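Student: Submitted below is the structure of interest, expressed as structure tokens.
Just so it is clear, none of the values below were taken in a lab; they were calculated from the coordinates. Here the structure is a predicted model, which is why all the values come from computation and not from measurement. Cβ sites come from the backbone with ideal geometry, for glycine too, and all protein chains shown count toward neighbours.
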Amino acid sequence: MSIASVAAQQSQAAAASSSASTSSTSGTSALSSLSSNMNSFLQMLMTQLQNQDPTSPMDPNAFTTELVQFSGVQQQINTNTSLTQLIQLTQGSEMLQASSIVGKTVTLNSTQLPLQNSNASLQFTAPTAEPVTISVYNSSGTAVRNVSLQANAGSNSWTWNGTSDSGTTLPDGAYTVAVAGGLTGSTPSALSFTVNGTVTGVSTANNAVQLQLGTMQTSMSNVQQVGN
């Protein structure tokens, strides 16, 4: 393996570390590592030239190839650093936009139902007027509320006051919900629905803006509508 190949691999590892980090200093570190490797390469290259066999000189094309490898790695590091900075700028803009809806009610495309101040609600669509069952589960997957109702064809809504089937008042938090229709047929079918909640905070996770609705967290991309 050539001197440049070893140095290039070390620089590529530094570039990968830079890409994974959200700090711009990582890109600087990678470039510093590349510069150090380049200096080492040039020193070793000079040593090789000084001690080469005059009857069998080194191929100058090899020098060019190795220098091109360094140049390619440098471009990759610069690209990764620029992408990291772009992600940071984009996140900052999204955070500002998301912070403007703190305190407002949002409609979400989510199977998580936020219970806030003992209140939760959702909307679902039924293809025909038919019996529908709404099931709510706690974080352990245990059904805590099952409601059967007669749905109208089209849009329907349901509000939950946070009480279980036994009448116990449940704590605020994120609950899983499912809506099933077609109960008069042989096989019940899942119905599409959206949930409502009040945004209480904003954060970032995995390079994405996250909304907090009490203890529930959801991606900004799940927002379907913003109310008052």
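Student: Quick one: order Ser140, Ser157 by neighbouring beta-carbon count within 10 Å, fewest to most.
Tutor: Ser140, Ser157
Student: By count of other Cβ within 10 Å, fewest leading, how are Asp165, Asp172 ordered?
Tutor: So the residues, fewest neighbours to most, are Asp165, Asp172.
Student: Calculate the radius of gyration of the Cα atoms of segment 105-226 to one decimal place, then report Dmax, the largest Cα-Cα distance, as a whole number, both in Å.
Tutor: Values for segment 105-226 (Cα only, Rg and Dmax): 14.8, 45 Å.
Student: Cα-based Rg of segment 104-147 per 2.2 N^0.38 Å, rounded to two decimals?
Tutor: 1.33
Student: Using amide H atoms built 1.01 Å from N in the peptide plane, name the residues 5+ places from Ser121, or on other chains, whose amide H lies under 5 Å from its own.
Tutor: Distant-sequence amide H within range of Ser121: Trp160, Asn196.
Student: Could you go through segment 212-220 in sequence order and give the Karplus-derived ³J(HN,Hα) for each residue, using 6.51 cos²θ - 1.76 cosθ + 1.60 with θ = phi - 60°, rounded to whole Hz, and x for Gly and Pro?
Tutor: 9, 10, x, 8, 7, 10, 8, 6, 4
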